[in-house]
Amino acid sequence: MILASEKLLNTSDGWKNFATRRLARIVPLYWLATTIKLAVLVTAASFVLHAEIDWPYILKSYFFIPATNVDNHIKPLLGVGWTLLFEMFFYAIFTLCLFIRVNAIKFCAILFCTLSALSFFKDQSWPTAIYLYSDPFVLNFLWGMIAAKLILQKRYIPKNAAYVLIPLSLLYLFLPRTIEWGNTITYGIASFFTVYSCASLEKTINMKAPKLIVYFGAASYSIYLFHPLLSPAAPEILKRIGLISPTISVLLSTFIAIIAGSIFYTLVEHPTTLKLNSSIKNTLGKKCVPAARTE
């Protein structure tokens, strides 16, 4: 977001441009995936795990309002949307920073560190939203902002250091997650070094990812949203043909998720986002002119 908003910092209505583009990027596909999940729930409730018809809860799910599900977990109807609850919260804070023209990193550092500190005292009697966001998980947004700022300032990790940090950080991230190994904060820092090191190498050795990898990266949002709706087809297919193999089931589930998610990206997400961004540009483009700089 630091990179995406760089040209909006000193423009009038830059905050509005940022917010509408983020909504165009996130909301349509999320609503589509949520609606598919709802349709399955309404027509074949027995096939949907951990779900029930609760219209106030469902409405909150559509609008990224934290709510407790049937299992007493703070998740939307589309389970993987729990990350979007955090993401939309971050977008709202970042939009506020653009609107009031304050340093986003400093503002978020104060807010997110405060929320992380509150996590040691939170109680389930707290309002749902405050309970959810009082979590060290929000620091991950801060690490990303810091990494982006360092890259913009051309302060790169030395090449040899990056070659060491990337495998070490990834190894740590993929170790079994136990109290002995670490916690949300340490995993977030390891992620920071992974991203910062990769971004530094990209700049220092002119590293280019293969086009197919770049494509799957672009399609990752579609893959992420739709994989829980489509991947369960794999074990069901194998069961029907009498082939019971966890390994094959996992591989087939992964294959289905990637292919189906990529199709959604190509046919739905990408053209929809382009069309919406074009409309936003036509509506707000002329308004986003340089504004008087304030310190």
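The values are calculated or read from the model by the stated rules, or taken from the named source; none is laboratory data. Quick caveat: nothing in here was measured; it's all calculated off a predicted structure. For neighbour counting, all protein chains shown are included, and Cβ atoms are generated from backbone atoms with ideal geometry for every residue, glycine included. These accessible areas exclude ligands, DNA and RNA; they are computed on the full protein's heavy atoms, side chains included. Shrake-Rupley method; radii C 1.70, N 1.55, O 1.52, S 1.80 Å.
Looking across segment 128-177, the residues that are open to solvent by less than 50 Å² (accessible area, probe 1.4 Å) and outside any helix (DSSP H, G or I) come down to Ser134, Asp135, Ile157, Leu175. When the criteria are applied in full, Lys239 fails the requirement of being within 27 Å of Ser116 (Cα to Cα) and not aliphatic (A, V, I, L, M). Flag set for Ile263, criterion: closer than 26 Å to Leu84 by Cα and open to solvent by 50 Å² or more (accessible area, probe 1.4 Å).
Out of the residues in segment 1-15 that are open to solvent by less than 30 Å² (accessible area, probe 1.4 Å) and under 20 Å from the mean Cα position of the chain (by Cα), which is modelled with the highest pLDDT? Among residues in segment 1-15 that are open to solvent by less than 30 Å² (accessible area, probe 1.4 Å) and under 20 Å from the mean Cα position of the chain (by Cα), the one modelled with the highest pLDDT is Ile2.
Could you say whether any residue in segment 18-28 is polar (S, T, N, Q) and either exposed (fewer than 14 other Cβ atoms within 10 Å of the Cβ) or modelled with pLDDT under 80 (or both)? No: zero hits.
For Phe63, only one of the following conditions fails: (1) more than 15 Å from Pro228 (Cβ to Cβ); (2) touching a helix residue (DSSP H, G or I) at 6+ places or on another chain (Cβ under 7 Å). What is its number? If we test Phe63 against (1) more than 15 Å from Pro228 (Cβ to Cβ); (2) touching a helix residue (DSSP H, G or I) at 6+ places or on another chain (Cβ under 7 Å), just (2) comes out false. Among all residues of segment 71-92, there is none that is touching a residue at least 12 places away in the same chain (Cβ under 8 Å), over 19 Å from Leu139 (Cα atoms), open to solvent by 60 Å² or more (accessible area, probe 1.4 Å) and touching a helix residue (DSSP H, G or I) at 6+ places or on another chain (Cβ under 9 Å).
Thr204 meets all of the listed conditions (1) surrounded by 14 or more Cβ atoms within 10 Å (Cβ to Cβ); (2) hydroxyl-bearing (Ser, Thr, Tyr); (3) under 30 Å from Phe120 (Cα atoms); (4) at pLDDT below 95 but one, namely (3).
Selection within segment 95-127: residues that are hydrophobic (A, V, I, L, M, F, W, C), in a helix (DSSP H, G or I) and loosely packed, with under 14 Cβ neighbours inside 10 Å. The member of this set that is modelled with the lowest pLDDT is Ile100. Quick check on Ala19: is it small (Gly, Ala, Ser), within 25 Å of Tyr131 (Cα to Cα) and in contact (Cβ under 8 Å) with a residue 40 or more places away in the chain? It is true that Ala19 is small (Gly, Ala, Ser), within 25 Å of Tyr131 (Cα to Cα) and in contact (Cβ under 8 Å) with a residue 40 or more places away in the chain.
Let's see how each residue does on (1) acidic (Asp, Glu); (2) part of a helix (DSSP H, G or I); (3) open to solvent by 70 Å² or more (accessible area, probe 1.4 Å):
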residue	(1), (2), (3)
Gly182	no, no, no
Thr186	no, yes, no
Ser197	no, yes, no
Leu212	no, yes, yes
Gly217	no, yes, no
Tyr221	no, yes, no
Pro228	no, yes, no
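Among the residues making up segment 169-191, a single one is in contact with a helix residue (DSSP H, G or I) (Cβ under 7 Å, 6 or more places away or on another chain), among the aromatic types (Phe, Trp, Tyr) and within 30 Å of Phe264 (Cβ to Cβ): Tyr187.
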